[in-house]
1. Given the residues A:Glu580, A:Glu630, which is the only one that is touching an Asp or Glu at 6+ places or on another chain (Cβ under 8 Å), within 14 Å of chain B (Cβ to nearest Cβ), surrounded by fewer than 15 Cβ atoms within 10 Å (Cβ to Cβ) and within 23 Å of A:Thr29 (Cα to Cα)?
2. Which pairs turn up if I take residues in segment A:530-558 that are part of a loop (DSSP other than H, G, I, E, B) and look for partners that are hydroxyl-bearing (Ser, Thr, Tyr) with beta carbon separation below 7 Å, at least 6 apart in sequence or on another chain?
3. Is there a residue being of a type in the set (A, V, I, L, M, F, W, C), under 22 Å from the mean Cα position of the chain (by Cα) and part of a helix (DSSP H, G or I) anywhere in segment A:233-252?
4. Name the one entry in A:Pro143, A:Pro152, A:Pro195 that is over 18 Å from the mean Cα position of the chain (by Cα) and within 12 Å of another protein chain (Cβ to nearest Cβ).
5. Out of segment A:504-562, which residues are farther than 30 Å from A:Glu630 by Cβ, of a type in the set (D, E, K, R) and open to solvent by 20 Å² or more (accessible area, probe 1.4 Å)?
6. Filter segment A:136-154 down to residues that are open to solvent by 30 Å² or more (accessible area, probe 1.4 Å) and not in a loop (DSSP other than H, G, I, E, B), then give me how many there are.
7. Please go through segment B:32-44 and give me each residue that is open to solvent by 20 Å² or more (accessible area, probe 1.4 Å) and either at the interface with chain A (Cβ under 9 Å from one of its Cβ atoms) or under 26 Å from the mean Cα position of the chain (by Cα) (or both), ordered by number.
8. Taking the conditions exactly as written (free of Cβ contacts under 8 Å to residues at least 60 places away in the same chain and over 23 Å from A:Phe407 (Cα atoms)), does A:Gly452 satisfy them or not?
Amino acid sequence: MTVGTVARERIERLDRIWEERPGFTGWLTTTDHKRIGILYLATSLAFFAAGGVEALMMRSQLAEPNERVLSPGTYDQLMTMHGVTMIFLFVIPLSIGFFGNYLVPLMIGARDMAFPRMNALSYWLFLGSGILLYAGLLLGHGPDAGWFDYVPLASRKYSPGPGIDFYALGLILNGMSSTAAAANFLVTIFRLRAPGMSLNRMPLFCFAILATSFSLVFALPALTTDLVFLELSRKFGLHFFDVGRGGDPLLWQDLFWIFGHPEVYIIVLPAFGIATSVIPTFTRRRMAAFPLVALAELLVAFIGFGVWVHHMFATGLPEIALIFFAAASLIIVIPSGIQIFAWCMTMVTGKPEFRTPLLFIVGFILFFVFGGLSGIMLAAVPFDQQVTDTYFVVAHFHYVIWGAAVFPLLGGLYYWFPKVTGRMYHERLGQTTFWLVFIGTNVTFFPMHISGMLGMPRRVWTYPSALGWGPENLVSTAGAFFLTGGLVLLAANLVVSAWRGPAAGADPFGGATLEWTTSSPPPAYNFAVIPKVTSAYPAWDEEDRQTDAGRLERGELVLEQGHRTPGTTPVDGHLGEILEMPSESPWPFVLGALATIGFAFIIANHLVMAASTFGLGAVVLAAWHWKEPEEA
Amino acid sequence: MTAAATRRVARPSGWYGMLILVATESSLFGTLMATYVYLRFQTAVWPPRGVAAPSVTVPTVLALVLVASALPMAYAARAAGRGDRRLALAGIACALVVQAVYLGFQVHLYFDDVSRFSPRLDAYSSIYFTLLAVHHIHVGIGILLDVWLLARLSRRLTPYRRTAVAAVAFYWYFVAVVGLFVTATVLYPSW
């Protein structure tokens, strides 16, 4: 784009208006969705490393029968924290927090999220929840009742230490963070799309984030309620789960899985979204069955609310309930199948170029089909009752969560790496890494199907040699270390390339969505001129992109008078008004810190201190809203 | 683009934000009330022996009072939408008085109940006091929001504050409606 003098003046004005405080304090006060995304990225990868080390320690303990690498108590804490970390502190913050935050405003042609300060608050609450959860482990009181924390094991009587309190309050804080993030995405997607981007022209990645956000908004309260019941029982002696006093331990399981199964789709839907972004780029064609894929994404999220009992087939529920939920669990295969066929057809009818991101997506499709097939087996009640609580289930959900949810995230890390850093990763090394990680995944998790069929129960600390589970476990452990080697290569590639990789330019892959039309990394205001959108693949609409240059010259939707972005109508994307956006603020950080401290006081049984901290939080909230965006 | 198309304005983001808060809070109350029903069918005797079924009249009247307090809030939202700061203030103040009296009454009833049977007694008392407490906390937060609005509107009415009035009014409609459901749920043994 050749830039004339008038246009350059406009860009300089935008640079000045959107500039944020430099240095370390700038990261504490930032409201730029891209910088918040990068904070999420760094934090979630740190937790990923922690969760990975926990997994390796467990695999070392299980490598051979009668091992004594870890004590049983430590093993339980590591097992619990591995699950909690990977789900709440790694996959969701990486997929929604990083990919969602960084990409959604760019893909819809907006300059920020709808609530930039609440976006920052989401991050600080997430960080606080991670600190709380790990504080327990580091103080030697990590939660140790498994990631689903079943009562009565988690009740005060059988888990008297503070470990479960760290779990419950950490996850309540985490849920607040996710709810705020989901609300932000919903309003952003419905309100801030560039003029012309009606819903049917919205990128499929945004549909995936939309479906995920809906799920979060409706699913998280069940978990929050459950955790509140648990804490009321543990701290004040109320009876929700206590059979002797009219309660029921299955209440915990029901509420947990009413949240927990939608959660599976919350984990995997952003991954679907990444797949539907990567595939068109590397096959040089539009997605097959675009509207069906969009509807399938929403339908998966919706049906995901009706299948929770398949986690409870062995709890003695009435048969009619089991049949209903088995049927619902099978129905979810249909929208999943629609997406798989659409991805495959797009590749078959396009000209696929198997670069690293696409390789990871192909790996994802294979794992998703494989994990889906073992899922269909588990949806059959008699089979489930045979293998429930065995390693077969562990194998199934690792194929789905590691293979199907994390592989696209890894592919996405390569795909958007040039956009975020402005540099290219090493392609050959990336492809080699894919094969190492792909093989490592199968070597680690496939033998678990067999050890599960042989009867090895989940969550055991060790096993006697006479049961004959040694070989499968040894192979799994070897695979885990092999897989880790691949991930270290991935990290090395990206870290080294971030410093020394060749410059990538705005659009190294010929991507289809709007993030590829702006520089790499994008400026603070994302787009010098709000882009014109006439299709779902705006970066491929060359005429529109040429008109953008002229519009910048004329000052049409450049909005260089202030911190502004256009607001549009929810469905049709008609330009309605120009919104004045808030700029950087210290208050989200302060409020996030106060919330974390308040929760820590509750764990430590200092309820008065906790109440005072929350009171201070209310004052901070008033200070936050004192200065309105128009007055800034 | 025609002139009509450019004027089509969606509701403000703050209102949508409140819509989603209400959605997630409805889900929260739904879970709590479902728990009440779930626990009820675990036990033959509900409420347990020695605990009287809640009285109907006072809670019902109070629930209707809370619904009535939504009217001045609605009035305030309309006035603020027109740019009439004084009438908006009057509406909010009127609603605030009713809501504060309501909450005072409810807190009194709550502690009266606590003095008669402990929340630690069994599953019935646990869910009864938890469900009511969660609703009262929502009313309390709404009252804080009212006070905040009164302070902000006492000087000036800006577009930002107009959105705030609309959003807080919406919050109160939700709290009032949920109050009806909560009251109906806890009065279930007295039907």
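The values are calculated or read from the model by the stated rules, or taken from the named source; none is laboratory data. These numbers come from a predicted model, not from an experiment. No Cβ is skipped: glycine too gets one built from the backbone with ideal geometry, and neighbour counts run over all protein chains shown. All accessible areas refer to the heavy atoms of the entire protein, side chains included, with ligands and DNA or RNA removed. Shrake-Rupley method; radii C 1.70, N 1.55, O 1.52, S 1.80 Å.
1. On the way: A:Glu580 fails: surrounded by fewer than 15 Cβ atoms within 10 Å (Cβ to Cβ).
Going through A:Glu580, A:Glu630 in turn, the sole match is A:Glu630.
2. A:Pro531/A:Thr517; A:Lys532/A:Thr547; A:Asp541/A:Thr534; A:Asp541/A:Ser535
3. Step one: list which residues in segment A:233-252 are of a type in the set (A, V, I, L, M, F, W, C), which gives A:236, A:238, A:240-241, A:243, A:250-252.
Subsequent filtering for residues that are under 22 Å from the mean Cα position of the chain (by Cα) retains none.
No - not one qualifying residue is present in segment A:233-252.
4. Details: A:Pro143 fails: within 12 Å of another protein chain (Cβ to nearest Cβ); A:Pro152 fails: within 12 Å of another protein chain (Cβ to nearest Cβ).
Answer to the selection: A:Pro195.
5. Once the filter is applied, which keeps residues that are farther than 30 Å from A:Glu630 by Cβ, of a type in the set (D, E, K, R) and open to solvent by 20 Å² or more (accessible area, probe 1.4 Å), segment A:504-562 yields A:Asp507, A:Asp541, A:Glu542, A:Glu543, A:Arg545.
6. Within segment A:136-154, the first condition is being open to solvent by 30 Å² or more (accessible area, probe 1.4 Å), and the residues that meet it are A:137-141, A:144, A:147, A:150, A:152-153.
After this cut, where a residue has to be not in a loop (DSSP other than H, G, I, E, B) as well, the list is A:137-138.
Qualifying residue count, segment A:136-154: 2.
7. Scanning segment B:32-44 gives B:Met33, B:Ala34, B:Val37, B:Tyr38, B:Arg40, B:Gln42, B:Thr43.
8. Values: free of Cβ contacts under 8 Å to residues at least 60 places away in the same chain: no; over 23 Å from A:Phe407 (Cα atoms): yes.
No.
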